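The values are calculated or read from the model by the stated rules, or taken from the named source; none is laboratory data. All figures in this text were calculated on a predicted structure; none of them were measured in a lab. For neighbour counting, all protein chains shown are included, and Cβ atoms are generated from backbone atoms with ideal geometry for every residue, glycine included. Remember, those area values only see protein heavy atoms, side chains included, never the ligands or the DNA or RNA. Shrake-Rupley method; radii C 1.70, N 1.55, O 1.52, S 1.80 Å.
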Amino acid sequence: MKHDQAASRRILLAAVVVEGGLGVIAILIGRALGYSFADTVPSAWQGLWQGAVATLPLLVLLAICIKAPIRPLERLLRLVTELLVPLFRGSRLVDLAIISILAGLGEEMLFRGVLQRAIADRLGAPLGVPIALLAAGVLFGLAHAITLTYAVLAAVIGLYLGALWIATGNLLAPITAHAIYDFVVLVYLV
(Lines give C-alpha, C1' and ligand atoms only; values in the text may rest on other atoms or scores of the structure.)
Protein backbone atom coordinates (compact mmCIF):
# COMPACT_ATOMS: atom_id res chain seq x y z
CA MET A 1 0.00 0.00 0.00
CA LYS A 2 2.82 2.41 0.83
CA HIS A 3 4.36 1.73 -2.59
CA ASP A 4 1.07 2.64 -4.33
CA GLN A 5 0.80 5.84 -2.28
CA ALA A 6 4.37 6.84 -3.02
CA ALA A 7 3.90 6.10 -6.72
CA SER A 8 0.64 8.04 -6.87
CA ARG A 9 2.32 11.02 -5.17
CA ARG A 10 5.08 10.95 -7.81
CA ILE A 11 2.48 10.84 -10.59
CA LEU A 12 0.60 13.74 -9.02
CA LEU A 13 3.81 15.75 -8.66
CA ALA A 14 4.78 14.99 -12.27
CA ALA A 15 1.34 16.11 -13.47
CA VAL A 16 1.56 19.32 -11.44
CA VAL A 17 4.97 20.06 -12.94
CA VAL A 18 4.12 19.12 -16.55
CA GLU A 19 0.51 20.26 -16.87
CA GLY A 20 0.94 23.22 -14.54
CA GLY A 21 4.13 24.05 -16.43
CA LEU A 22 2.17 24.18 -19.68
CA GLY A 23 -0.11 26.76 -18.08
CA VAL A 24 2.87 28.84 -16.96
CA ILE A 25 4.41 28.59 -20.44
CA ALA A 26 1.08 29.64 -21.96
CA ILE A 27 0.91 32.67 -19.67
CA LEU A 28 4.50 33.67 -20.47
CA ILE A 29 4.07 33.27 -24.24
CA GLY A 30 0.69 34.99 -24.04
CA ARG A 31 2.21 37.96 -22.22
CA ALA A 32 5.01 38.16 -24.80
CA LEU A 33 2.32 38.30 -27.50
CA GLY A 34 0.31 40.88 -25.57
CA TYR A 35 -2.52 38.51 -24.65
CA SER A 36 -4.53 38.58 -21.47
CA PHE A 37 -6.33 35.44 -20.41
CA ALA A 38 -8.84 37.54 -18.49
CA ASP A 39 -10.45 38.59 -21.78
CA THR A 40 -10.92 34.94 -22.81
CA VAL A 41 -13.34 34.23 -19.95
CA PRO A 42 -16.22 36.72 -20.19
CA SER A 43 -18.36 34.69 -17.76
CA ALA A 44 -17.03 32.00 -15.44
CA TRP A 45 -20.41 30.41 -14.73
CA GLN A 46 -21.38 30.38 -18.39
CA GLY A 47 -18.02 28.83 -19.38
CA LEU A 48 -18.34 26.14 -16.72
CA TRP A 49 -21.89 25.31 -17.78
CA GLN A 50 -21.05 25.29 -21.50
CA GLY A 51 -18.00 23.12 -20.88
CA ALA A 52 -19.94 20.64 -18.77
CA VAL A 53 -22.60 20.25 -21.46
CA ALA A 54 -19.94 20.06 -24.18
CA THR A 55 -18.38 17.08 -22.41
CA LEU A 56 -21.30 14.85 -23.44
CA PRO A 57 -20.24 14.35 -27.10
CA LEU A 58 -16.71 13.58 -25.90
CA LEU A 59 -18.08 10.89 -23.60
CA VAL A 60 -20.11 9.44 -26.47
CA LEU A 61 -16.88 9.31 -28.52
CA LEU A 62 -15.17 7.58 -25.58
CA ALA A 63 -17.96 4.97 -25.36
CA ILE A 64 -17.70 4.32 -29.10
CA CYS A 65 -13.93 3.93 -28.84
CA ILE A 66 -14.28 1.47 -25.95
CA LYS A 67 -17.08 -0.61 -27.48
CA ALA A 68 -16.33 -0.48 -31.21
CA PRO A 69 -14.81 -3.68 -32.60
CA ILE A 70 -12.24 -1.70 -34.60
CA ARG A 71 -8.75 -3.19 -34.43
CA PRO A 72 -6.76 0.08 -34.00
CA LEU A 73 -9.11 1.18 -31.20
CA GLU A 74 -8.86 -2.23 -29.52
CA ARG A 75 -5.04 -2.04 -29.68
CA LEU A 76 -5.10 1.49 -28.29
CA LEU A 77 -7.35 0.49 -25.40
CA ARG A 78 -5.08 -2.46 -24.61
CA LEU A 79 -1.99 -0.21 -24.68
CA VAL A 80 -3.61 2.44 -22.50
CA THR A 81 -4.75 -0.25 -20.06
CA GLU A 82 -1.25 -1.72 -19.89
CA LEU A 83 0.56 1.62 -19.52
CA LEU A 84 -1.79 4.04 -17.75
CA VAL A 85 -3.75 1.84 -15.39
CA PRO A 86 -0.67 0.72 -13.42
CA LEU A 87 0.60 4.31 -13.41
CA PHE A 88 -2.57 5.70 -11.76
CA ARG A 89 -3.61 2.61 -9.76
CA GLY A 90 -2.86 4.08 -6.31
CA SER A 91 -4.30 7.51 -7.07
CA ARG A 92 -7.14 8.91 -5.01
CA LEU A 93 -10.12 10.59 -6.69
CA VAL A 94 -8.83 13.98 -5.57
CA ASP A 95 -5.47 13.23 -7.24
CA LEU A 96 -7.23 12.33 -10.49
CA ALA A 97 -9.31 15.51 -10.24
CA ILE A 98 -6.22 17.69 -9.72
CA ILE A 99 -4.44 16.03 -12.64
CA SER A 100 -7.50 16.49 -14.86
CA ILE A 101 -8.03 20.13 -13.91
CA LEU A 102 -4.37 20.95 -14.51
CA ALA A 103 -4.45 19.16 -17.88
CA GLY A 104 -7.54 21.10 -18.91
CA LEU A 105 -6.05 24.41 -17.79
CA GLY A 106 -2.51 23.97 -19.06
CA GLU A 107 -3.27 22.34 -22.39
CA GLU A 108 -6.22 24.56 -23.31
CA MET A 109 -4.43 27.74 -22.32
CA LEU A 110 -1.50 26.73 -24.52
CA PHE A 111 -3.21 25.13 -27.53
CA ARG A 112 -6.36 27.27 -27.72
CA GLY A 113 -5.56 30.40 -25.71
CA VAL A 114 -2.12 30.96 -27.23
CA LEU A 115 -1.48 28.85 -30.36
CA GLN A 116 -4.94 28.97 -31.93
CA ARG A 117 -5.33 32.63 -31.02
CA ALA A 118 -1.87 33.63 -32.28
CA ILE A 119 -2.25 31.81 -35.60
CA ALA A 120 -5.70 33.34 -36.18
CA ASP A 121 -4.37 36.81 -35.31
CA ARG A 122 -1.34 36.47 -37.58
CA LEU A 123 -3.31 35.18 -40.57
CA GLY A 124 -6.27 37.51 -40.11
CA ALA A 125 -9.69 37.31 -41.66
CA PRO A 126 -11.23 35.43 -43.34
CA LEU A 127 -9.01 32.33 -43.30
CA GLY A 128 -7.16 32.87 -40.02
CA VAL A 129 -9.77 31.32 -37.76
CA PRO A 130 -10.31 28.01 -39.63
CA ILE A 131 -6.59 27.59 -40.38
CA ALA A 132 -5.77 28.29 -36.72
CA LEU A 133 -8.40 25.80 -35.60
CA LEU A 134 -6.95 23.12 -37.86
CA ALA A 135 -3.34 23.90 -36.93
CA ALA A 136 -4.00 23.90 -33.18
CA GLY A 137 -5.99 20.66 -33.49
CA VAL A 138 -3.21 18.93 -35.43
CA LEU A 139 -0.55 20.18 -32.99
CA PHE A 140 -2.68 18.95 -30.09
CA GLY A 141 -2.86 15.53 -31.76
CA LEU A 142 0.90 15.47 -32.34
CA ALA A 143 1.52 16.36 -28.71
CA HIS A 144 -0.48 13.24 -27.77
CA ALA A 145 1.14 10.94 -30.35
CA ILE A 146 1.56 7.80 -28.25
CA THR A 147 0.24 5.89 -31.27
CA LEU A 148 -1.13 7.04 -34.61
CA THR A 149 -4.66 6.16 -33.49
CA TYR A 150 -4.29 8.16 -30.28
CA ALA A 151 -2.82 11.11 -32.19
CA VAL A 152 -5.77 11.11 -34.61
CA LEU A 153 -8.31 10.88 -31.77
CA ALA A 154 -6.53 13.66 -29.86
CA ALA A 155 -6.50 15.83 -33.01
CA VAL A 156 -10.25 15.30 -33.43
CA ILE A 157 -10.79 16.21 -29.78
CA GLY A 158 -8.50 19.22 -30.23
CA LEU A 159 -10.58 20.38 -33.21
CA TYR A 160 -13.74 19.94 -31.15
CA LEU A 161 -12.32 21.91 -28.21
CA GLY A 162 -11.07 24.64 -30.52
CA ALA A 163 -14.47 24.87 -32.20
CA LEU A 164 -16.06 25.02 -28.76
CA TRP A 165 -13.92 28.04 -27.92
CA ILE A 166 -14.88 29.73 -31.19
CA ALA A 167 -18.57 28.96 -30.65
CA THR A 168 -18.70 30.13 -27.04
CA GLY A 169 -16.06 32.85 -27.01
CA ASN A 170 -15.16 31.55 -23.58
CA LEU A 171 -11.89 29.66 -23.01
CA LEU A 172 -13.30 28.23 -19.78
CA ALA A 173 -15.71 26.10 -21.85
CA PRO A 174 -12.99 23.94 -23.49
CA ILE A 175 -10.95 23.98 -20.27
CA THR A 176 -13.95 22.56 -18.39
CA ALA A 177 -14.86 20.01 -21.08
CA HIS A 178 -11.23 18.85 -21.26
CA ALA A 179 -10.92 18.54 -17.48
CA ILE A 180 -14.20 16.66 -17.01
CA TYR A 181 -13.43 14.33 -19.92
CA ASP A 182 -9.95 13.54 -18.58
CA PHE A 183 -11.36 12.92 -15.10
CA VAL A 184 -14.03 10.53 -16.39
CA VAL A 185 -11.44 8.66 -18.49
CA LEU A 186 -9.01 8.36 -15.56
CA VAL A 187 -11.72 7.19 -13.16
CA TYR A 188 -12.98 4.67 -15.74
CA LEU A 189 -9.49 3.32 -16.38
CA VAL A 190 -8.39 3.13 -12.77
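Computed from Cα positions, the angle between helix 93-108 and the longest principal axis of the chain comes to roughly 30 degrees.
Toward the positive end of the charge dipole of region 48-113, with +1 on the Cβ of Lys and Arg and -1 on the Cβ of Asp and Glu, the farthest Cα among 68, 100, 53 is that of 68. The dipole here belongs to the chain: it is taken about the Cα centre, uses +1 on the Cβ of Lys and Arg and -1 on the Cβ of Asp and Glu, and is about 320 debye. Backbone N atoms of region 72-97 closer than 19 Å to the 7 Å Cα→Cβ label point of residue 18 belong to residues 76-97. So if R0 is 22 Å, what FRET efficiency would residue 167 and residue 138 give, r being the distance between their Cβ atoms, rounded to the nearest 0.05? Between residue 167 and residue 138 the formula returns 0.70. In this entry, region 13-93 is assigned a mean projected area of 8.1 nm², taken as a quarter of its C-alpha convex hull surface. The angle between the Cα long axis of helix 148-168 and the main principal axis of the chain comes to about 40°, on a 0 to 90 degree scale. Scoring 64-71, 19-26 by mean Cβ neighbours within 10 Å over their residues and listing the highest first yields 19-26, 64-71. Between the Cα long axis of helix 2-32 and the first principal axis of the chain there is an angle of about 10°, rounded to the nearest 10. Semi-axis lengths, largest first, of the ellipsoid equivalent to region 1-146 are 30, 21, 15 Å, with √(5λ) applied to each eigenvalue of the Cα gyration tensor. Taking the helices alone, the chain has a mean residue ellipticity at 222 nm of -27000 deg cm²/dmol, built from -39,500 (n - 2.57) per DSSP H run of at least 4 residues and averaged over all its residues.
Per residue, the accessible area of region 1-43 comes to 66 Å² when a 1.4 Å probe rolls over the protein heavy atoms. Net charge near residue 186: determine it from the other residues with C-beta under 12 Å of the C-beta of residue 186, scoring Lys and Arg +1 and Asp and Glu -1. Residues close to residue 186 contribute a combined charge of 0.
Treating r as the C-beta distance of residue 77 and residue 125 and R0 as 41 Å, the FRET efficiency rounds to 0.50.
Can you send over the carbon and sulfur percentage of the accessible area for the chain, probe radius 1.4 Å, protein chains only? On the chain, the fraction of accessible area on carbon and sulfur atoms equals 73 percent.
Distance between the C-alpha centres of region 1-61 and region 140-154: 18 Å, rounded to the whole angstrom.
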